[in-house]
């Protein structure tokens, strides 16, 4: 680490190992880092430049434990990105059955449309996610 005092090297290594944002921690599935953010009472639903929240990243990366922790800590299941996609849209499109069920359990809406008017069911249908389609329709999603 070129020219730095030896006592600073462990500090720099620790910085390199620590996610810089809650978004990164969620996407990487770093449960410990997410818990540290939560302990500091940081906002749960900050949006990045695309409007994606940490919950959206956790769902997209299939980080089930992180997504559940965020939801259990009161992350907003209705938050949408810049194209109107909610966490349920992401989970439905990617075929994340366990997350679809958990999002529905915490109150996510099966009828919430995105900016193109697509519901989570429409997104699941476009992506041929048959198991998710069954879950959504069993929770009242309309074709």
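Since every read-out is calculated from the coordinates, none of them should be taken as a lab result. Bear in mind the structure is a predicted one, so any value in this text is a computation, not a measurement. With ideal geometry, Cβ positions are generated from the backbone for all residues, glycine too; neighbour counts draw on all protein chains shown.
Quick notes on this one:
- Ordering 30, 45 from the fewest to the most neighbouring beta carbons within 10 Å gives 45, 30.
- Sorted by Cβ neighbour density within 10 Å, fewest at the top, the residues 23, 89: 23, 89
- Highest-first packing order for the peptide set 49-61, 115-127, 71-83 is 49-61, 115-127, 71-83, based on the mean count of other beta carbon atoms within 10 Å.
- Theoretical gain in end-to-end length, residue 48 to residue 106 [0.36 nm per residue, Cα-Cα removed]: 18.5 nm
- The range 99-137 and the range 21-37: distance between their alpha carbon centers, rounded to Å: 25 Å
- Rg ratio (alpha-carbon, reference 2.2 N^0.38 Å) - the chain: 1.21
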